[in-house]
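The values are calculated or read from the model by the stated rules, or taken from the named source; none is laboratory data. Since the model is a prediction, treat every value here as computed from it, not as a measurement. No Cβ is skipped: glycine too gets one built from the backbone with ideal geometry, and neighbour counts run over all protein chains shown.
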Amino acid sequence: MKAETEWIELWQGSEDFKNVPHAHEDWMQVTLPIQGTCHFTQEARSYALEQGSGLIQPPGTNHHFQIGARTSVIILKVRERGIGGMNAIQPRFEAGARQDIRQSFVADDIVSRFRQWMLALIQGQALADPLAVQEVEIDVVRYLGRLTGVTSGVPSPESGWGAAGTAGTALPIGGIDPHLRRALAYMHDCYENAISIDDLAGIALQSRFHFIRTFRETMGTTPYQYLLKLRMDEAMNRLRRSDATVGQISADLGFSSTSQFHRAFLKMTGVTPQAFRLQ
């Protein structure tokens, strides 16, 4: 099972797998055994990694591993440099320089997170929606930041992926940072189009990581869920007040297909667009 974007790569392998020695020049990798023992070799040193005992592979590190029967491992790869990489949450970050390369983790926690990340990536990529994908990228980087001690206690956005959020169609007023308000106004004006985290963070004069945190703390939901709620509110309005087909509404609101719109609408409202129109 594998998914990759511009800034991250997620992989899960199980049962009798081994690879050849290799290195990733621009990527930081973290190997997380979730069942059994992973026999890992890194820079000619051998490790028997048990469930809950992770290992960091800094960029350029030569490594390979082998897993046997009843064994499973999750691998997270993140670019070390750039606006979506590890040094975006800590300038001059260097994997392995200030962290112990051995890192403990909670296996059940990473399994749950991995499933949510994979589902969100699949849905976001199928919808051709950069905001959904970028929220996963940011959460993976933030998770690794907490794992390595770069960040701590930072709220994660994953709990908002399956919920409708608290956004409404009216632009909130009062008590909101003016830069964030401009980003919200942009979302209200352009929700039918593809919007990226970097677009919104730039308008708010924040880094992508600070923007996600500020947005969630202020609005009680993630930017993607807020955007999706704006689209669903407009879809419900058009279903009630226009004769436009479900396909036309889907296309107008930026969904890649009618089936994707149908699933998103059903998940958020509990009924299909057709059933909603008949209510």
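Considering only the stretch 24-33, how many residues are part of a strand (DSSP E or B) and under 24 Å from Glu135 (Cα atoms)?
So the answer is 6.
Count, please, the residues in the stretch 70-103 that happen to be of a type in the set (Phe, Trp, Tyr) and crowded, with 20+ Cβ neighbours inside 10 Å.
Number of matching residues: 0.
Is one or more of the residues making up the stretch 181-199 in contact with a strand residue (DSSP E or B) (Cβ under 7 Å, 6 or more places away or on another chain), modelled with pLDDT of 90 or more, assigned to a helix (DSSP H, G or I) and among the β-branched types (Val, Ile, Thr)?
no
From (1) assigned to a helix (DSSP H, G or I); (2) within 18 Å of the chain's Cα centre (by Cα); (3) in contact (Cβ under 8 Å) with a residue 24 or more places away in the chain, pick out the condition that doesn't hold for Ile249.
(2)
Among residues belonging to the stretch 104-116 that are out of contact with any Phe, Trp or Tyr (no Cβ under 9 Å at 6 or more places or on another chain) and not charged (D, E, K, R), point out the one that is surrounded by the most Cβ atoms within 10 Å (Cβ to Cβ).
Among those residues, the one meeting the criterion is Phe114.
Rundown of residues vs (1) of a type outside the set (Val, Ile, Thr); (2) surrounded by fewer than 18 Cβ atoms within 10 Å (Cβ to Cβ), yes/no style:
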site	(1), (2)
Asp198	yes, yes
Gly202	yes, yes
Thr218	no, yes
Pro223	yes, no
Lys229	yes, no
Asn237	yes, yes
Arg241	yes, yes
Thr258	no, yes
Leu266	yes, yes
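Return the residues of the stretch 6-23 that are surrounded by fewer than 18 Cβ atoms within 10 Å (Cβ to Cβ) and assigned to a loop (DSSP other than H, G, I, E, B); say none if nothing qualifies.
Glu6, Glu15, Asp16, Asn19, Val20, Pro21, Ala23
Of the conditions (1) assigned to a helix (DSSP H, G or I); (2) in contact with a helix residue (DSSP H, G or I) (Cβ under 9 Å, 6 or more places away or on another chain), Thr221 satisfies every one except a single condition; which number is it?
Status for Thr221: all satisfied but (1).
Tell me which residues, restricted to the stretch 69-111, are part of a loop (DSSP other than H, G, I, E, B), more than 25 Å from Glu135 (Cα to Cα) and small (Gly, Ala, Ser).
Ala69, Gly96, Ala97 - these are the residues of the stretch 69-111 that are part of a loop (DSSP other than H, G, I, E, B), more than 25 Å from Glu135 (Cα to Cα) and small (Gly, Ala, Ser).
Filter the stretch 252-279 down to the residues that are among the charged types (D, E, K, R) and under 29 Å from the mean Cα position of the chain (by Cα), then identify the one that is modelled with the highest pLDDT.
The residue in question is Asp252.
Looking only at the stretch 45-68, decide whether some residue is within 16 Å of Tyr143 (Cα to Cα), part of a loop (DSSP other than H, G, I, E, B) and more than 17 Å from the chain's Cα centre (by Cα).
yes
Within the stretch 26-78, can you find the residues that are of a type in the set (Gly, Ala, Ser) and either out of contact with any Ser or Thr (no Cβ under 8 Å at 6 or more places or on another chain) or not assigned by TED's automatic domain parsing to the domain that holds Gln103 (or both)?
Answer for the stretch 26-78, where residues must be of a type in the set (Gly, Ala, Ser) and either out of contact with any Ser or Thr (no Cβ under 8 Å at 6 or more places or on another chain) or not assigned by TED's automatic domain parsing to the domain that holds Gln103 (or both): Ala44, Ser46, Gly60, Ala69.
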